[in-house]
Amino acid sequence: MDSIKDIDIVLIDDHKLFREGVKRILEFEPGFRVVAEGDDGSMARELVAQHKPDVVLMDINMPEMNGVEATGELIAHYPDTNVIILSIHDDEHYVMRALRTGAQGYLLKEMDSDALVEAIRVVSEGGSYLHPKVTHNIVSEYRKLAHINDREEGGIPDFEKPLHVLTKRECQVLQLLAEGKSNRAVAESLEISEKTVKNHVSNILQKMNVKDRTQAVVTAIKKGWVEMK
């Protein structure tokens, strides 16, 4: 029987205490291995060349070379590198700059351990992952632009629940995802377990034929399936 391959991770952050905390979390997660660490973006290319990790966790603010610059250099030389940016900034301009440079994920440093683990798993499999708060900011901005375009075209599409595709509970979960809630927050809102939420999210992705929750939310907004409050 084939064994499941470990997810090798390179961690780059100039704050040693934060780096050690993240490493400790990942060491307790089965199948995760932090194979190398660095304290500046200028080290990223060398570490990736040496260790060929599945995922690079990259701080956005570092003294010599910041995370966005380092990501751009990495992607230029190693296009298949999966980078997750770690940041304190939730402004969409930071996020979009990181994504345009080639990052596959963007996490705020206020994240909980579940979000970190989920992001690494999703990105290692070729998907993208945005912190729920970041997702909400981006889709809110998208919604504003959509409203402007709709007014110029003479109308705004009605909000409708996609009951022809999703169950009533899945519609509720999708709406809460669009509001920027984490799996834990969704579970608390609907008074169900986090495991049940994860199952609903998996079903939503499959039914909507998308890779990750970010794509699901953006698609739902475009179709008028969720209401941006």
Exercise for the section: Between K16, K181, K109, find the one with the highest GNM mean-square fluctuation for the chain; connect C-alpha pairs within less than 10 Å. Expected result: K16
Problem - Convex hull (Cα only) mean projected area of region 30-76, reported in nm² to one decimal - result: 3.3
Handout entry: Farthest toward positive dipole pole in the chain [+1 Lys/Arg, -1 Asp/Glu at C-beta], among A76, G224, A98
Key = G224
Practice task
Taking the Cα centre of region 52-110 as origin, sum charge times position over the Cβ atoms of Lys and Arg (+1) and Asp and Glu (-1), and report the length of that vector in debye to the nearest 20.
Solution key: 140
Exercise for the section: Using a 1.4 angstrom probe on heavy atoms only, work out the carbon and sulfur share of the accessible area of the chain in %. Expected result: 48
Practice task
Compute the accessible area per residue over the chain, keeping the other protein chains in place, probe 1.4 Å, unit Å².
Solution key: 53
Practice task
Beyond 27 Å, what share of the Cα-Cα pairs of the chain is found? Please give it as a whole percent.
Solution key: 37
Problem - Distance from region 158-222 to region 1-45 (C-alpha centre basis), Å - result: 30
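The values are calculated or read from the model by the stated rules, or taken from the named source; none is laboratory data. The shown structure was predicted, so the numbers you read here are calculated from the model rather than taken from an experiment. With ideal geometry, Cβ positions are generated from the backbone for all residues, glycine too; neighbour counts draw on all protein chains shown. Just the protein is used for accessible areas: all its heavy atoms, side chains included, with ligands, DNA and RNA removed. Shrake-Rupley method; radii C 1.70, N 1.55, O 1.52, S 1.80 Å.
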